[in-house]
1. Identify, please: which residue in the range 169-205 is of a type in the set (A, V, I, L, M, F, W, C) and at pLDDT below 85 and is, among those, surrounded by the fewest Cβ atoms within 10 Å (Cβ to Cβ)?
2. Output the residue which, of all residues in the range 90-115 that are touching a strand residue (DSSP E or B) at 6+ places or on another chain (Cβ under 6 Å) and in a loop (DSSP other than H, G, I, E, B), is farthest from GLU162 (Cα to Cα).
3. Name the pairs: first residue in the range 1-15 and at pLDDT 70 or above and part of a helix (DSSP H, G or I), second residue surrounded by 11 or more Cβ atoms within 10 Å (Cβ to Cβ) and of a type in the set (Lys, Arg), Cβ to Cβ under 8 Å, at least 6 apart or on different chains?
4. For the range 147-205, which residues satisfy the criterion of being under 34 Å from the mean Cα position of the chain (by Cα), assigned to a loop (DSSP other than H, G, I, E, B) and either of a type in the set (A, V, I, L, M) or within 19 Å of SER135 (Cα to Cα) (or both)?
5. Can you name every residue in the range 77-128 that is basic (Lys, Arg) and surrounded by fewer than 13 Cβ atoms within 10 Å (Cβ to Cβ)?
6. Quick one: in the range 166-184, which of the residues that are in contact with a helix residue (DSSP H, G or I) (Cβ under 9 Å, 6 or more places away or on another chain) and of a type outside the set (Phe, Trp, Tyr) is farthest from VAL195 (Cα to Cα)?
7. Only one of LYS163, LYS146 is under 13 Å from VAL195 (Cα atoms) and either in contact with a Lys or Arg (Cβ under 9 Å, 6 or more places away or on another chain) or of a type in the set (D, E, K, R) (or both); which?
8. When you scan the range 116-137, do you find a residue that is within 35 Å of the chain's Cα centre (by Cα), assigned to a loop (DSSP other than H, G, I, E, B) and either closer than 28 Å to GLU205 by Cα or touching a residue at least 40 places away in the same chain (Cβ under 8 Å) (or both), even just one?
Amino acid sequence: MSLLKLIKASQNKEAASAEEAEANGVPPPPASDAASTSEPGDNPAPSFKGFGRKMSVWSTVARKLSVSTTASTKTVNKPTITLPKKRYENSYRTQPDDSTTFNGPQVEKFLLELLEMRLKTEKYDPRSCSSLTTSLADVIKARTKKMGFRRHRIVVYVVVGEKRDQGLQACGRSVWDDRTDNFVTVTYENASMFVIASVYGIYYE
């Protein structure tokens, strides 16, 4: 409601109250607010208890605006604090430690166990083939990272196809350092499908 509407509504309310009091024969309140004194024996002045001083239009509007402003300030969200990222000093290492080098036999054993457990009773379905490929790649990548090959980038490549006595050749070519980088490729087959999973471990200087 706008300010002009509030003022007009308050004026109409005051006029209606005055007309109602005049119709009921109630005299208006005294014009002066000063306290009157009376001597003993004088007739007491009439009491107008219940007809107190009314608030002005501007006081009513100011009170409503104050209430709305107080209510709106309570919904202000607190600012979020973003902590700075940790930065580590350069180790100046160009080769991995012996304990953290990409271990091909360990990864190969893990791949064979995972594919055997996951695809032993799986049947080829062209509608779910894409989701199966993505799921296998995500699991292989996550488990390989947990093996502790520090400062290695892990890349996983998975191929899933239907087994129908067809021929297939898969090959890969990379440019890397054979002293620090390595890869493993495993092939698995069941009654209806075949899977080729490759894991590449590239040392990140």
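1. Taking the range 169-205 and keeping what is of a type in the set (A, V, I, L, M, F, W, C), we get 170-171, 175-176, 183-184, 186, 191, 193-197, 199, 202.
Restricting the remaining residues to those that are at pLDDT below 85 gives 170-171.
Numbers: ALA170: 11, CYS171: 5.
Ranking the qualifying residues of the range 169-205, first place goes to CYS171.
2. PRO96
3. Within 8 Å, the pairs are GLU14/LYS54.
4. Scanning the range 147-205 gives a single hit, MET147.
5. LYS78, LYS85, LYS86, ARG87, ARG93, LYS120, LYS123, ARG127
6. As a first pass, look at the range 166-184 and keep what is in contact with a helix residue (DSSP H, G or I) (Cβ under 9 Å, 6 or more places away or on another chain): 182-184.
Checking which are of a type outside the set (Phe, Trp, Tyr) leaves us with 182, 184.
Details: ASN182: 20, VAL184: 14 Å.
Here the residue is ASN182.
7. LYS163 is the lone residue from the list that is under 13 Å from VAL195 (Cα atoms) and either in contact with a Lys or Arg (Cβ under 9 Å, 6 or more places away or on another chain) or of a type in the set (D, E, K, R) (or both).
8. no
The values are calculated or read from the model by the stated rules, or taken from the named source; none is laboratory data. Please read all numbers here as calculations on a predicted model, not as lab measurements. Cβ coordinates were reconstructed from backbone atoms using ideal geometry, including for glycine residues, and neighbour counts include every protein chain displayed.
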